[in-house]
Every structure is written in C-alpha cells, then in structure tokens.
Amino acid sequence: MTRRSWMLILIGMALSIVLGACGGGDLAKDLTPIPTLPPGEEPALIDALQAGAAPEDTAPATEDGGEGDLVAQGEELFVAACAGCHGAAPGAGPALVGMADRAATRVEGQSAEEYLHESIVDPGAFIVDGFNNIMPGDYGETYSDTEIDAMVAYIMAEGAAEPAAEPTEEATDLAAEETEEPEEEATEAAEDEDDSGEVAGDPEAGATVFNQACSGCHGASTGAGPALADLKANAEAHAADHGEGQTVVEFLHESIVDPSAYVPEGFNDGIMPQTYGDQYSDDEIDDIIAYILAQ
C-alpha cells in the first residue's frame with residue numbers, strides 16, 4: 001500500500017474510535033452515507049438539486065368546510081334575499097315549507113336542484129299557478145355560482161314538507177265548541193268598526209302575517225309596493241277618491257283581497273298576489289289592517 005492509503009485507513013479508525021466513545025450511535029443516525037459510484041455517475045438526487053428542481057408535492061389539496069357550511073351560507077343568503085316572499089306560509093311567492101318536494105315535480109325531466117337553480121337565475125322560465133312573475137331576474141348576475149348552489153342546498157335541506165301534526169282530542173273538542181258559537185256573536189265581531197275606521201284586529205298577530213306575506217314588497221322603504229310606513233297615509237288619501245263613502249279600513253281590506261281594484265300611481269298592476277282573500281281568513285286580514293294602522 002502507498003503511504004496515502006495507510007493515512008486514510010488510520011483516519012477512518014480514529015473516527016470510529018471517537019464515534020464509539022461519544023455514543024456515536026445517535027450521531028450515526030443523523031449521517032446519510034453517500035455511496036461510492038463509478039467515475040462519471042452521480043445520484044439522482046444530486047441531478048435534481050443541480051437542475052434546481054423542488055421535490056414534487058403529491059399531498060392532495062384539502063378544502064375547508066363541507067355540505068354543512070354550504071347550507072349555513074345558503075341560509076344567510078336566503079334570509080336576506082328570499083324570506084320576505086318565501087316565508088313559512090305562501091306570500092308573494094310559494095312558501096319555503098315543502099319547496100324542495102314541490103321542486104321535484106314542477107318540470108318533467110328536471111331534478112329538484114336543477115329546477116331550483118333555474119328558478120333563481122331565470123325565474124320567468126316557469127311561473128307557479130296562482131303567483132305572478134315578480135321575482136327579480138338578475139340574481140344570476142348578483143350572486144356567484146357558489147352562492148346560488150348554497151341557496152339551493154339550503155332549500156333542499158330546510159324546504160322539505162313538514163308532516164301535519166295529528167289533532168289532539170282536546171284540540172278537536174275545542175274546535176267543535178268554537179263552531180257552536182252563535183252566528184250573532186260572529187256578526188258583531190265582523191262589524192266591530194267605529195267611525196274612525198279602526199278595525200277589531202290584533203296588531204301583534206297582524207305583524208306576524210305581514211312579515212310573512214307582505215314585507216318583501218312593503219318594507220322599510222318603497223320597493224315593489226309602497227313602504228309600510230306610507231300605507232296608512234296612502235289609504236287615508238285614496239279611500240274617499242276611490243270609493244264613495246269608503247273608509248280607510250275598507251280601502252285596505254279591498255287592497256288586500258282585490259289589489260287590482262286600485263293601483264297607486266307609479267306602481268304596476270299584477271305584482272301583488274290576487275289570492276290573499278282565499279289564503280287568509282277575515283280575522284287574519286283584520287289583523288294585518290290593524291298592524292298597518294298601528295304604524
């Protein structure tokens with residue numbers, strides 16, 4: 001052997017002694033051996049490093065949230081944009097309750113999700129019997145595809161039909177007692193209106209019905225119809241002109257059950273549903289009127 005070879009052997013032995021004395025087992029774990037290759041060959045890792053290539057990231061991308069988050073987002077959008085006309089009961093538009101089930105039967109060949117999506121971005125494509133084409137037609141531009149999908153997901157999750165509760169024996173007996181009340185008492189209640197035009201309705205109950213059926217068009221400011229705050233003044237201004245001897249209460253009642261009888265200047269006929277006289281009882285209509293007059 002040459003002198004150089006002997007020197008390399010001695011150095012290697014010295015390193016082995018040092019590693020062994022220092023507990024080099026742990027240190028050895030941190031050392032990566034570099035294999036001896038024939039001249040001219042290099043490890044693939046060195047090739048990659050010399051080329052400036054970064055290790056390939058093969059971990060799949062993950063997305064936060066899921067179906068639950070989509071439904072929650074849809075609820076926020078629905079409450080802000082849709083609930084005024086699509087409440088717990090039919091109003092200016094069909095009710096939210098049962099909407100998912102009805103959507104599956106509207107257009108042959110369309111799934112419920114497809115129908116709901118079309119109804120949001122192109123509401124005039126299919127008009128439900130008994131309702132008018134009053135829904136804004138720009139939601140496809142106002143909301144992103146993700147937001148529209150979120151609204152559809154919310155309707156599908158929350159708009160299923162709720163089974164009707166079975167009447168209890170107590171409720172059945174109470175209903176029977178109510179139907180046995182004298183007709184004279186009911187007539188007096190219907191005529192319980194003084195000369196000032198006040199009506200025997202419950203404003204608090206009227207607020208509930210109004211918010212479900214009317215607030216979408218008659219809100220804090222003028223929209224598809226006059227603002228809530230203006231309804232009383234408008235009725236006072238137009239009652240006498242519209243019908244001889246008509247009271248404010250009579251004018252408001254007619255405006256609810258037959259909205260085309262008088263259309264205020266600046267608004268369009270046919271926007272307000274014509275079915276409220278059938279959808280709501282006389283007591284409920286009186287409650288709505290009482291609420292309007294209380295504003």
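No lab work stands behind these numbers, since they all come straight from the coordinates. Just so it is clear, the structure is predicted and the values come from calculations on it, not from any experiment. Every residue, glycine among them, receives a Cβ derived from its backbone with ideal geometry; neighbour counts consider all protein chains shown.
Could you rank the peptides 102-111, 228-237 by their average count of other C-beta atoms within 10 Å per residue, with the highest value first?
Listed from highest to lowest mean packing, they are 228-237, 102-111.
State the extension gain, in nm to one decimal, for the chain segment bounded by ASP202 and GLU114, taking 0.36 nm per residue of separation less the distance between their alpha-carbons.
Gain on stretching ASP202 to GLU114: 27.5 nm.
Going from the alpha-carbon gyration tensor of the stretch 197-293, what semi-axes, largest first and in whole Å, does one get by taking the root of 5 times each eigenvalue?
18, 16, 13
Can you list the HN-Hα couplings for the stretch 140-145, worked out from phi with the Karplus curve (6.51, -1.76, 1.60; θ = phi - 60°), rounded to whole Hz and with x for Gly and Pro?
Karplus-based 3J(HN,Hα) across the stretch 140-145 equals x, 9, 6, 10, 6, 4 Hz.
Relative to the present Cα-Cα distance, how much length would full extension add between ALA125 and ASP138 at 0.36 nm per residue of separation?
3.3 nm
Roughly what would the spin-label model give for ASN268 and ALA220, points 7 Å off Cα along C-beta, in nm?
So the label points at ASN268 and ALA220 sit 2.6 nm apart.
About the Cα centre, and with charges only on the beta carbon of Lys, Arg (+1) and Asp, Glu (-1), how big is the dipole of the stretch 197-293? Nearest 20 debye, please.
So the magnitude is around 400 debye.
Let me see the pair-distance distribution of the stretch 75-151: every alpha carbon pair, 5 Å bin width, integer percents in order.
Histogram of Cα-Cα distances, whole percents per bin: 3, 15, 26, 31, 20, 4, 0.
For ASP202, what residues show an amide H to amide H distance below 5 Å, using hydrogens built from the backbone and excluding near sequence neighbours?
Those lying under 5 Å, H to H, from ASP202 are ASP287.
Output the relative contact order of the stretch 67-158, whole-number percent, from Cα pairs under 8 angstrom with separation of 6+ residues.
About 39 percent, as a whole number.
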